[in-house]
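A short worksheet on the structure shown next.
The values are calculated or read from the model by the stated rules, or taken from the named source; none is laboratory data. No experiment lies behind these values; they were computed from the predicted model shown. Here the Cβ positions follow ideal geometry from the backbone for every residue, glycine too, while neighbour counts run over all protein chains shown. For accessibility, only protein heavy atoms count, side chains too; no ligands or nucleic acids. Shrake-Rupley method; radii C 1.70, N 1.55, O 1.52, S 1.80 Å.
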Amino acid sequence: MKFSVFTASTPDWTPAQAADTLAEQGWDGIEWRIVDDRTADGSSGFWAGNRSTWQFTGIADQVGEIARVTDAAGLEYSGIGGYQPVSDHEGVETMLRVTSGLGARQVRVTMPWYQRERERTGTTYGELFDQTRADLEWAAARAADLGVKALVELHHMTITPSASAALRLVDGLDPEHVGVIHDLGNLVIEGQEDHLAAFELLGPYLAHAHVKNARWVDTGETRADGSRIWRNEWAPLRDGQASVSEYLDALRQHGYDGWVTIEDFSTDLPLAERTADNLAYLRSLVPVTA
């Protein structure tokens, strides 16, 4: 296995700082976040003002600079963390071309959030699923033309929170050009299935692994019916409800030897300490021969 970091989780660093620091720490690769997210006041955060994010607007003109920063640090691309909805054909086309130009091989295209779309448009799950399948078929064809792969992430609240749902969406498409990102932390929130069973179910569509951790905490509040209210939050790799060790064991048992990308949104440690500690932890869990 090779280890990389998704720069959604490195908001305090510029792209050059992210690449140089991760390379110095011994990471194998980087997964660049590409989305428009500048803040008016210049503040930084995971989801807005993230300084190691490349802005989507004008991204085609930044391919050379992304390559320069990545190559200078000696890092590989584990993929590209795109945020373009699969329904946005123009945006997806741009991301596929950028991925091809970088030689990054694979890029995430985002799936619709079911409840959000139902409230906005009244669309049922079945209608939304069918439209998304048509959009993904289009993306797969364009990915094939460009020699890259479009990735569907297992993500809570979307139409693909689980491996079973994702397989239903991608089944029958060419796994050379469409794949699934299995995400350990997201599954704590929604979509959890036995890891090995999920990997076997996805088969050739298992293209990438994201690792973070999460936990459910008691809010101390109750509903009108007296039932307790819980909320989810991100947690350090060792402290969440999912076992990273068991997850990596299941990946190895399945024969997966690809990228494992960390996107740790916990804040218990300062950023540089967090990334260094995460790599040390991962390496302690994976035999040298893996």
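Looking at (1) open to solvent by 20 Å² or more (accessible area, probe 1.4 Å); (2) in a loop (DSSP other than H, G, I, E, B), which one does Asp130 not meet, given that it meets all the others?
(2)
I need every pair where a residue in segment 220-235 that is open to solvent by less than 100 Å² (accessible area, probe 1.4 Å) has its Cβ under 7 Å from the Cβ of a residue that is in a strand (DSSP E or B) and of a type in the set (S, T, N, Q), sequence separation at least 6 or different chains.
Matching pairs, first to second residue: Ile229/Thr219; Ile229/Thr222; Ala235/Asn213.
Tell me, which residue of segment 172-201 that is of a type in the set (Gly, Ala, Ser) and assigned to a loop (DSSP other than H, G, I, E, B) is surrounded by the fewest Cβ atoms within 10 Å (Cβ to Cβ)?
Gly172
Would you please list the contacts, defined by Cβ atoms under 8 Å and residues six or more apart or on different chains, that run from a residue in segment 83-107 that is of a type in the set (Asp, Glu) to a residue that is open to solvent by 20 Å² or more (accessible area, probe 1.4 Å) and modelled with pLDDT of 95 or more?
Between residues of segment 83-107 that are of a type in the set (Asp, Glu) and residues that are open to solvent by 20 Å² or more (accessible area, probe 1.4 Å) and modelled with pLDDT of 95 or more, the close pairs are Glu93/Arg142.
Give just the number: which of (1) open to solvent by 20 Å² or more (accessible area, probe 1.4 Å); (2) within 30 Å of Pro287 (Cβ to Cβ); (3) small (Gly, Ala, Ser) does Ser44 not satisfy?
Single failed check for Ser44: (2).
Go through segment 6-41 and count every residue that is touching a residue at least 60 places away in the same chain (Cβ under 8 Å), farther than 21 Å from Arg283 by Cβ and assigned to a helix (DSSP H, G or I).
Selection size over segment 6-41: 1.
Quick one: in segment 141-164, of everything that is crowded, with 19+ Cβ neighbours inside 10 Å and of a type in the set (A, V, I, L, M, F, W, C), which residue is nearest to His254 (Cα to Cα)?
Ala163
Would you mind telling me which numbered condition in (1) open to solvent by 40 Å² or more (accessible area, probe 1.4 Å); (2) over 15 Å from His182 (Cα atoms) Glu246 fails?
Result: Glu246 fails condition (2) only.
Of everything in segment 110-127 that's outside any helix (DSSP H, G or I) and in contact with a helix residue (DSSP H, G or I) (Cβ under 9 Å, 6 or more places away or on another chain), which residue is nearest to Leu169 (Cα to Cα)?
By that ranking, first place goes to Met111.
Among the numbered conditions (1) open to solvent by 70 Å² or more (accessible area, probe 1.4 Å); (2) assigned to a loop (DSSP other than H, G, I, E, B); (3) without any contact (Cβ under 8 Å) to a residue 40 or more places away in the chain, tell me where Arg238 comes up short.
If we test Arg238 against (1) open to solvent by 70 Å² or more (accessible area, probe 1.4 Å); (2) assigned to a loop (DSSP other than H, G, I, E, B); (3) without any contact (Cβ under 8 Å) to a residue 40 or more places away in the chain, just (3) comes out false.
Against the condition assigned to a helix (DSSP H, G or I), farther than 14 Å from Lys2 by Cα and open to solvent by less than 20 Å² (accessible area, probe 1.4 Å), how does Ala272 come out, does it pass?
It is false that Ala272 is assigned to a helix (DSSP H, G or I), farther than 14 Å from Lys2 by Cα and open to solvent by less than 20 Å² (accessible area, probe 1.4 Å).
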